[in-house]
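Novice: Quick one: the structure is below, questions incoming.
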Number of protein chains: 2
Amino acid sequence: MGSSQTVPSRRTRAPRGGGDKLRTEILTAAENLLVQTCDEAAVTVRAVANAVGVTPPSIYLHFADKDELLVAVCERNFEELSAAVERAAGEATDPRDALRLAATAYVHFGLARPEQYRILFMRKAGPQTEQMELDRLRSSSGFNLLLDTVQACMQAGLMRRSDPMVVAVVLWSIVHGLTSLMISKPAFEWPPMEEMVDHATRAYLDGLRP
Amino acid sequence: MGSSQTVPSRRTRAPRGGGDKLRTEILTAAENLLVQTCDEAAVTVRAVANAVGVTPPSIYLHFADKDELLVAVCERNFEELSAAVERAAGEATDPRDALRLAATAYVHFGLARPEQYRILFMRKAGPQTEQMELDRLRSSSGFNLLLDTVQACMQAGLMRRSDPMVVAVVLWSIVHGLTSLMISKPAFEWPPMEEMVDHATRAYLDGLRP
DNA sequence: TCGTCAGGTTAACGGGGTTAAGTAACCTCT
DNA sequence: AGAGGTTACTTAACCCCGTTAACCTGACGA
């Protein structure tokens, strides 16, 4: 790989059917920018276009606006988060342990990708963007697995019977609360993350025993 | 009190010692903008200056940058949040109930001022801004009251002995998690707020019994 | 070969944060 | 009462941002 030029030497034009190639190039360039700078503000349309080797208006051939681009970038991470949580839950032997392992995996994943987590779960989204995100959330295997696991706990007699939706949302709130607080106030002297997650979920689930 | 003009007819210049008058005018104008539009993006330096009846550079006579202005606006709300939580805790008879009442008051307060809550607790702040916020947090009566109340629970035999800091932070995470999730995903079909807060804190505190 | 159309570009608009330099009202001091 | 000097601003401008309208041009089927 030779010397990387400062001006990324305009892309060669894509062949006839290959317009979608640019779309994925934009997505990976935007993701790289987000990860490298760790700052959503650095991901400007112009910076992304420049990284791809294209002019800014070309972005709008594939994304309606900047918001849609950011959401598309983070969709991938949402799938990965779902997968990581499911994988962790799969390691457990009983559904109660599955919830605890999933909780730790969730926080761990979020803290490893703070900017993406911030965009996914801490941002103010426009109405239609939010609707899209919610649809994706509800149809995601992650959230449904959470609900199912809560119900499995109740059926197995590990958890007092109550509204599973409330329990699921509260569990989500606990892990989201820890994750988002640690992301937005990194300079605070937080106790060790694993200790907090373990303590929180253990105590909450203990309090829900039959 | 005539007809309010579209162009707010330039302020009359402040007298000699009264330069600080503009500072408070800027703060209240910015707060009004934030509350009325319910959108942080609408609070631009230019809009604030225009609302006060002054030109944009005047803002910088009193605030280093836009960030400092926003933080100054929300400081007031932080004090109010502390006060509201303390007031609620004061209604309780035992420290365990104090925690529950404070939790509900916290979420209630946050949901009533979503944009301010977002700026205070969900934003990415610059390093020095964050340091200021953390100092204010640590020296706030609200956070110290939380810690004290947790310790009071332990001393009263209402709560198993463990690191009070962990318990306090987790309690904070629970209420922050609920508040911030409901703020950033308002279109989700959340169960009733009071039910969730009550369920969450009750279960968590039950799980922490000796 | 030639027209068409996908896959881009050029140029520009309006608005944002921020700064350097200028100006005018106020107060003091004689 | 008038001259400073300080305070409280303004004027003008810079650079970056998202976004749009209009144009261009190379690839490909007929």
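The values are calculated or read from the model by the stated rules, or taken from the named source; none is laboratory data. Here the structure is a predicted model, which is why all the values come from computation and not from measurement. All Cβ positions, even for glycine, are placed from backbone atoms using ideal geometry, and neighbour counts span all protein chains on display.
Novice: Taking segment B:177-195 as the region of interest, how many residues are surrounded by fewer than 24 Cβ atoms within 10 Å (Cβ to Cβ), within 7 Å of chain A (Cβ to nearest Cβ) and in a helix (DSSP H, G or I)?
Specialist: 3
Novice: Right, something else. So B:T55 ticks every box in (1) modelled with pLDDT of 95 or more; (2) more than 14 Å from chain A (Cβ to nearest Cβ); (3) more than 15 Å from DNA strand D (Cβ to nearest atom) but one. Which box is left unticked?
Specialist: (3)
Novice: Right, another one. Would you call A:V107 facing chain B (nearest Cβ under 9 Å), of a type outside the set (K, R), in contact (Cβ under 8 Å) with a residue 24 or more places away in the chain and over 21 Å from A:A41 (Cβ atoms)?
Specialist: no
Novice: While we're here: Yes or no: segment A:58-73 includes at least one residue that is away from chain B (no Cβ under 14 Å) and away from DNA strand D (no atom under 16 Å from the Cβ).
Specialist: no
Novice: A follow-up question, please. Scan segment A:38-61 residue by residue and report those that are aliphatic (A, V, I, L, M), assigned to a helix (DSSP H, G or I) and within 22 Å of A:Q128 (Cβ to Cβ).
Specialist: Answer for segment A:38-61, where residues must be aliphatic (A, V, I, L, M), assigned to a helix (DSSP H, G or I) and within 22 Å of A:Q128 (Cβ to Cβ): A:V45, A:V48, A:I59, A:L61.
Novice: Restricting attention to segment A:97-127, report how many residues are out of contact with any helix residue (DSSP H, G or I) (no Cβ under 9 Å at 6 or more places or on another chain) and modelled with pLDDT under 95.
Specialist: Going through segment A:97-127 one residue at a time, the tally reaches 1.
Novice: Quick one: in segment A:50-89, which of the residues that are crowded, with 19+ Cβ neighbours inside 10 Å and within 12 Å of DNA strand C (Cβ to nearest atom) is nearest to A:R138 (Cα to Cα)?
Specialist: A:I59
Novice: Follow-up. Within segment B:201-210, restricting attention to residues that are facing another protein chain (nearest Cβ under 9 Å) and touching a residue at least 60 places away in the same chain (Cβ under 8 Å), which residue is nearest to A:Q128 (Cα to Cα)?
Specialist: Once the filter is applied, the top-ranked residue is B:R202.
Novice: Would you check which residues across segment B:45-98 are among the β-branched types (V, I, T) and touching a residue at least 12 places away in the same chain (Cβ under 8 Å) and list them?
Specialist: Once the filter is applied, which keeps residues that are among the β-branched types (V, I, T) and touching a residue at least 12 places away in the same chain (Cβ under 8 Å), segment B:45-98 yields B:V45, B:V48, B:V52, B:V54, B:I59, B:V71, B:V73, B:V85.
Novice: Can you spot a residue in segment A:119-128 that is surrounded by fewer than 23 Cβ atoms within 10 Å (Cβ to Cβ), within 12 Å of another protein chain (Cβ to nearest Cβ), under 19 Å from B:A203 (Cα atoms) and small (G, A, S)?
Specialist: No; the residues of segment A:119-128 include none that is surrounded by fewer than 23 Cβ atoms within 10 Å (Cβ to Cβ), within 12 Å of another protein chain (Cβ to nearest Cβ), under 19 Å from B:A203 (Cα atoms) and small (G, A, S).
Here's the yes/no breakdown for (1) under 24 Å from the mean Cα position of the chain (by Cα); (2) at pLDDT 95 or above; (3) within 15 Å of DNA strand D (Cβ to nearest atom); (4) more than 14 Å from every other protein chain (Cβ to nearest Cβ):
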{"residue": "A:S4", "(1), (2), (3), (4)": "no, no, no, yes"}
{"residue": "A:R10", "(1), (2), (3), (4)": "no, no, yes, yes"}
{"residue": "A:T28", "(1), (2), (3), (4)": "yes, yes, no, yes"}
{"residue": "A:V43", "(1), (2), (3), (4)": "yes, yes, yes, no"}
{"residue": "A:V48", "(1), (2), (3), (4)": "yes, yes, yes, yes"}
